[in-house]
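Step one of this worksheet: look at the structure below.
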Amino acid sequence: MVAFFYVCCCVENLLFATISIEGHSQHCNRRCVNFSNITWLDEKGHIKPPIFLYLMLIFIARGWCIFAASLTQASDRAALVALFYPQKSDFIMALVAGVGAVLIYVLVIAERKRSPLWLRPMFNQLKWMLLLLLLVDGALLVERTINAYYLYSWSTGLDALFLFWSFIYLFQSKRLNHYFSDWKNEEEYEDAVKPDNLESKVGNKGG
């Protein structure tokens with residue numbers, strides 16, 4: 001009987017030690033994650049847009065980038081465009097898709113300045129706007145592949161690779177999703193601290 005009681009005490013102490021170690025490990029992990037997240041914030045406490053977001057916008061607007069680079073070619077401006085877009089229709093569609101990237105960039109600038117406020121509802125839909133532009137870019141990539149009779153080219157391969165990683169990053173990046181909701185959370189906080197809402201909460205507590 002004494003031996004059984006001794007074994008039970010040892011098992012209980014072992015379980016308690018295991019739970020304590022796991023709890024301490026999780027607490028340390030949370031501290032590490034929170035500490036690393038500090039680098040996401042600017043001097044005003046707002047989440048900064050990730051660098052990869054800018055790269056995604058440049059990728060979507062690459063038609064305009066190629067067009068701007070072709071203007072520097074005095075001899076043959078169409079050669080550079082034809083290198084990336086053999087079909088003229090594909091280049092025109094890339095320019096149209098690039099307009100959406102420019103619009104998103106304007107929304108990012110508005111978020112950085114926190115004004116004008118009437119752009120905030122559009123910024124709150126930024127994730128789905130990016131998804132739509134990536135889907136359009138994917139459709140254009142398929143059309144380019146069909147027009148090239150399914151022949152592989154290095155430009156098509158790089159576009160497909162970057163497009164694949166962009167889809168993954170859009171849904172898996174914690175920082176990007178926190179950035180999308182940062183301005184929205186500020187709006188909810190502003191609504192919560194309005195005098196009318198505070199008075200109603202005080203009245204409800206008093207009642």
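The values are calculated or read from the model by the stated rules, or taken from the named source; none is laboratory data. Computed from a prediction, not measured in an experiment: that's the story for all the values here. As a convention, Cβ positions derive from the backbone with ideal geometry for all residues, glycine included, and neighbour counts pool all protein chains shown. The area values use the complete protein model at the heavy-atom level, side chains included, leaving out ligands, DNA and RNA. Shrake-Rupley method; radii C 1.70, N 1.55, O 1.52, S 1.80 Å.
Just checking, which of LEU140, LEU158 is modelled with pLDDT under 95, part of a helix (DSSP H, G or I) and open to solvent by less than 60 Å² (accessible area, probe 1.4 Å)? Before the answer, list the steps.
Numbers: LEU158 fails: open to solvent by less than 60 Å² (accessible area, probe 1.4 Å).
Going through LEU140, LEU158 in turn, the sole match is LEU140.
State whether the residues of the stretch 183-194 include one that is more than 12 Å from the chain's Cα centre (by Cα), under 24 Å from THR39 (Cα atoms) and modelled with pLDDT of 85 or more.
Within the stretch 183-194, one or more residues are more than 12 Å from the chain's Cα centre (by Cα), under 24 Å from THR39 (Cα atoms) and modelled with pLDDT of 85 or more.
Suppose the filter is part of a loop (DSSP other than H, G, I, E, B) and open to solvent by 50 Å² or more (accessible area, probe 1.4 Å); does TYR105 pass it?
Details: part of a loop (DSSP other than H, G, I, E, B): no; open to solvent by 50 Å² or more (accessible area, probe 1.4 Å): yes.
No; evaluated as a whole, the condition is false for this residue.
If you go through the stretch 53-81, how many residues are in a helix (DSSP H, G or I) and either surrounded by fewer than 16 Cβ atoms within 10 Å (Cβ to Cβ) or among the charged types (D, E, K, R) (or both)? Don't jump to the end; show me each part of the working.
Filtering the stretch 53-81 for residues in a helix (DSSP H, G or I) gives 53-60, 62-70, 77-81.
Filter once more, so that each one left must be either surrounded by fewer than 16 Cβ atoms within 10 Å (Cβ to Cβ) or among the charged types (D, E, K, R) (or both): 54-55, 58, 62, 65, 68-69, 77-79.
The total comes to 10.
Considering ARG112, ARG120, which residue is over 30 Å from SER153 (Cα atoms), open to solvent by 50 Å² or more (accessible area, probe 1.4 Å) and not polar (S, T, N, Q)?
Values: ARG120 fails: open to solvent by 50 Å² or more (accessible area, probe 1.4 Å).
Unique residue meeting the criteria: ARG112.
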